[in-house]
1. Restrict the search to the range 1-59; then list the chymotrypsin sites (Phe, Trp or Tyr not before Pro) that DSSP places in a loop and that have at most 16 other Cβ atoms within 10 Å of their Cβ.
2. May I have the pair-distance distribution P(r) for the range 2-86, computed from all Cα-Cα distances with 5 Å bins from 0 and rounded to whole percent?
Amino acid sequence: MELCIQHIAPEGSLSGSLRPDDGGTEISVAGQNTGRAMNLAFDLGNGQDADRYMFGVGTAWQNVTECNSPMGGPLVGPLPGNSDDWGPFPQAPAASDENDQAGWAY
């Protein structure tokens, strides 16, 4: 999946979509951006079902508007007790030796 932020307003409100790799239905995203911080709401019900939302918060290494920064954070919903993490990341750094793990921590 790819998180695509199409618009960040001057006051920080944002809108976009989460695009499945298989070309399935896009999920609308709305939220707030302040510097390196993001608050996101994912509409899984396509505006039809008020109980089908997931919510995420996250932090980016650089300002989110740069669009090339490692970022991620926790994700909850749509059901009580559902939790995971998210992270659209640029190309992960290579491991320096066989004991290092290449990539960003998820």
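Taken together, the values in this text are just the output of simple stated rules run on the coordinates, not laboratory data. Keep in mind that this is a model prediction, so the values were computed, not measured. Note that each Cβ is placed from the backbone with ideal geometry, even for glycine, and that neighbours are counted across all protein chains shown.
1. Numbers: sites: Phe42, Tyr53, Phe55; in loops: none.
Of the chymotrypsin sites (Phe, Trp or Tyr not before Pro), not one in the loops of the range 1-59 has a Cβ with at most 16 other Cβ atoms within 10 Å.
2. P(r) for the range 2-86, in whole percents per bin: 3, 14, 24, 28, 19, 10, 3.
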